[in-house]
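> The structure is given below, and queries will be raised subsequently.
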Amino acid sequence: MEFIDSKLGHVWEKVKAGTRLTFEDGMVLYASHDLSGVGRMADFVRRKRHGNIAYYVYNQHVNYTNVCSNRCTFCAFATDEGTGSAYTWSIDEVKKRLLERKDEPVREIHMVGGLNETLDFDYFTGLLQAIAEVRPEATIKAFTAVEIDYLSRLSGLSLAETVAELKKAGLTMMPGGGAEVMSERVHGELFPKKIGKERWLEVMETVHGAGIPTNATMLYGHIETLEERVEHLITLRELQDRTGGFSAFIPLAFHSKNTELSHLPATTGVDDLKNVAVARLMLDNFDHIKAYWVMIGEKMAQVALSFGADDLDGTIIEERITHTAGATSAKGLTRAEMFGMIRGAGFEPVERDSFYNHLS
Ligand code: V47
């Protein structure tokens, strides 16, 4: 492979040989202006794993409350109880929202919410049971590690016992949010009330130990350094070596509108593609890299399929977290639009369930 940036040659030798990349290699990749060179290497690895296939899932988002006691500075979604925009859905309200779309072939319910201190533990198990009842054919992918930690404190149960109770009630998978960037510096500045790196990892390890797969994410494009990004990826890779419980990694592009960080500019297209590509190259033990179209836009997500991504996430319809922070992407996509994006990029669309079983 020919490179504009000669430093990439050394990384390419390793990629070809299947040798694990180091922290220094990660820095070379992030610092390089040879975007197509980084992307071609990521595409090489992606095609070895997934050939010409690109995935999407027919899913529905449920954000049961936006009341949150953590109040992270990067979040536009969260609010305090009693404000005009505060809401909390009862279990019946959630059921009603699921039933409204009962004639659609939804295969995954993605559910996350704020830390709302007015809700008790029974609400959460009741929520899972109700969803499992209304949508028995869908996987319930719910609660970030932050919520699981909170639920353990709320219930007074150990982490393992909490996870066991949630699993019994219907939890079958967990999304990847909540770690943001695993750096003490960023944690202190942007989300001091939220659990930190060690606890996030402990929750994930416990959940994986209970046989529940999870995703992992990284929120980029705020105050993090390139070093902190690479360290974050290596930390995830190390946990994956131990548990094998991570299914997909999703780089999350920061949106600053309506947040305390509204002075920060949007991420660039180059950075969006680079985060997908570097993740594919560094995370050699992750099967799937998602290009989350909600955050990077439909057009960039389509291009990202040639930069290491093999999955576009879902159809969604009612995304709230990123749109409250100014996302200009659609709120949902149809199957036909998913197909069009994937086919237009030269890949074969495959509808999947939460565990990447092929449905079409
Ligand atoms: O943890 C919050 C992020 C996450 C903003 O696992 C923001 O399949 C950008 O984790 N700008 C929740 N990002 C979303 C998430 C997710 C999404 C899609 C799929 C999966 C999966 C997981 O959203 C939070 C936080 O990192 N976030 N505010 C913002 N202003």
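The values are calculated or read from the model by the stated rules, or taken from the named source; none is laboratory data. Since we're looking at a predicted model, the values are computed, not measured. Cβ: placed from backbone, ideal geometry, glycine included. Neighbour counts: every protein chain shown.
> Any residue in the stretch 36-51 that is more than 23 Å from the chain's Cα centre (by Cα) and of a type in the set (Gly, Ala, Ser)?
Looking through the stretch 36-51, at least one residue is more than 23 Å from the chain's Cα centre (by Cα) and of a type in the set (Gly, Ala, Ser).
> In the stretch 11-46, what residues are free of Cβ contacts under 8 Å to residues at least 60 places away in the same chain, assigned to a helix (DSSP H, G or I) and in contact with an Asp or Glu (Cβ under 8 Å, 6 or more places away or on another chain)?
The answer is Lys14, Gly37.
> Testing Gly156 on (1) away from the ligand (no atom under 16 Å from the Cβ); (2) buried (at least 20 other Cβ atoms within 10 Å of the Cβ); (3) not basic (Lys, Arg), one condition comes back false. Which one is that?
The failed condition is (2).
> Turning to a different aspect of this structure: Taking only the stretch 267-295 into account, find how many residues are among the β-branched types (Val, Ile, Thr), more than 27 Å from Arg242 (Cα to Cα) and within 13 Å of the ligand (Cβ to nearest atom). Don't jump to the end; show me each part of the working.
First, the residues of the stretch 267-295 that are among the β-branched types (Val, Ile, Thr): 267-268, 270, 276, 278, 289, 294.
Retained after the next criterion (residues that are more than 27 Å from Arg242 (Cα to Cα)): 267-268, 270, 294.
Filter again for within 13 Å of the ligand (Cβ to nearest atom), leaving 267, 294.
Number of matching residues: 2.
> Something else now. When Ala17 is evaluated against the numbered criteria (1) within 23 Å of the chain's Cα centre (by Cα); (2) surrounded by fewer than 16 Cβ atoms within 10 Å (Cβ to Cβ); (3) over 24 Å from Thr322 (Cβ atoms), which criterion, by number, is the only one it fails?
With respect to (1) within 23 Å of the chain's Cα centre (by Cα); (2) surrounded by fewer than 16 Cβ atoms within 10 Å (Cβ to Cβ); (3) over 24 Å from Thr322 (Cβ atoms), Ala17 is out only on (1).
> Hey, among the residues in the stretch 287-331 that are more than 14 Å from the chain's Cα centre (by Cα) and at positive phi, which one's modelled with the lowest pLDDT?
Ile317
> Here is a further query. Would you mind finding the one in Thr243, Thr259, Thr268 that is touching a residue at least 24 places away in the same chain (Cβ under 8 Å) and surrounded by fewer than 22 Cβ atoms within 10 Å (Cβ to Cβ)? Steps first, please.
Details: Thr259 fails: surrounded by fewer than 22 Cβ atoms within 10 Å (Cβ to Cβ); Thr268 fails: touching a residue at least 24 places away in the same chain (Cβ under 8 Å).
The match here is Thr243.
> I'd like the residue in the stretch 183-203 that is hydrophobic (A, V, I, L, M, F, W, C) and within 12 Å of the ligand (Cβ to nearest atom) and, out of all such residues, is surrounded by the most Cβ atoms within 10 Å (Cβ to Cβ).
Of the stretch 183-203, the ones hydrophobic (A, V, I, L, M, F, W, C) are 186, 190-191, 195, 200-201, 203.
Cutting the leftovers down to within 12 Å of the ligand (Cβ to nearest atom) gives us 186, 190-191, 195, 200.
Details: Val186: 20, Leu190: 23, Phe191: 21, Ile195: 22, Trp200: 25.
Checking each candidate, the answer is Trp200.
> Something else now. Among the residues of the stretch 226-247, which ones are of a type outside the set (Phe, Trp, Tyr), under 28 Å from Leu157 (Cβ atoms) and not in a loop (DSSP other than H, G, I, E, B)?
Scanning the stretch 226-247 gives Thr235, Leu236, Glu238, Leu239, Gln240, Arg242, Thr243, Ser247.
> Would you confirm whether any residue within the stretch 111-125 is part of a helix (DSSP H, G or I), under 21 Å from Thr322 (Cα atoms) and within 16 Å of the ligand (Cβ to nearest atom)?
Going residue by residue through the stretch 111-125, those that are part of a helix (DSSP H, G or I) are 121-125.
Subset that is under 21 Å from Thr322 (Cα atoms): none.
No, there is no match, as no residue in the stretch 111-125 is part of a helix (DSSP H, G or I), under 21 Å from Thr322 (Cα atoms) and within 16 Å of the ligand (Cβ to nearest atom).
> Still on this model: For the stretch 207-225, name all the residues that are surrounded by fewer than 22 Cβ atoms within 10 Å (Cβ to Cβ) and in a helix (DSSP H, G or I).
His208, Gly209, listed by residue number.
> Is the stretch 296-315 home to any residue that is within 14 Å of the ligand (Cβ to nearest atom), touching a residue at least 40 places away in the same chain (Cβ under 8 Å), assigned to a helix (DSSP H, G or I) and surrounded by 24 or more Cβ atoms within 10 Å (Cβ to Cβ)?
yes
> For a quick check of your reading of the model, give me the residue pairs whose first member lies in the stretch 51-77 and is more than 21 Å from Leu115 (Cα to Cα) and more than 14 Å from the ligand (Cβ to nearest atom), whose second is in a strand (DSSP E or B) and aliphatic (A, V, I, L, M), with beta-carbon atoms closer than 8 Å and at least 6 apart or on different chains.
Ile53/Val350; Ala54/Leu312; Ala54/Val350
> For the stretch 336-360, what are the residues that are touching a Phe, Trp or Tyr at 6+ places or on another chain (Cβ under 7 Å) and not aliphatic (A, V, I, L, M)?
Pro349, Glu351, Arg352, Tyr356
> Only residues that are assigned to a helix (DSSP H, G or I) and either within 15 Å of Asp43 (Cα to Cα) or among the acidic types (Asp, Glu) (or both): list them for the stretch 1-10, please. If you could, list the steps in order and put the result at the bottom.
Applying the first criterion (assigned to a helix (DSSP H, G or I)) to the stretch 1-10 yields 8-10.
Matches in the stretch 1-10: Leu8 only.
> Pick from the stretch 324-342 the residues that are small (Gly, Ala, Ser) and within 20 Å of Asp310 (Cβ to Cβ): which of them is farthest from the ligand (Cβ to nearest atom)?
Of all residues in the stretch 324-342, those small (Gly, Ala, Ser) come to 325-327, 329-330, 332, 336, 340.
Going one step further and asking which of them are within 20 Å of Asp310 (Cβ to Cβ), we end up with 329, 340.
Details: Ser329: 12, Gly340: 21 Å.
Per the criteria, the residue is Gly340.
> If you don't mind, another one. Take the residues of the stretch 92-124 that are of a type in the set (A, V, I, L, M) and more than 24 Å from Leu333 (Cα to Cα): which is surrounded by the fewest Cβ atoms within 10 Å (Cβ to Cβ)? Quick ask: steps written out before the conclusion?
Taking the stretch 92-124 first, the residues of a type in the set (A, V, I, L, M) are 94, 98-99, 106, 109, 111-112, 115, 119.
Still in the running and more than 24 Å from Leu333 (Cα to Cα): 115, 119.
Working: Leu115: 21, Leu119: 19.
Residue satisfying both the conditions and the ranking: Leu119.
> Right, another one. Find all pairs meeting these conditions: Cβ atoms under 7 angstrom apart; at least six residues apart or on different chains; first residue within the stretch 208-232 and acidic (Asp, Glu); second residue within 10 Å of the ligand (Cβ to nearest atom).
Glu224/Val181; Glu228/Val181
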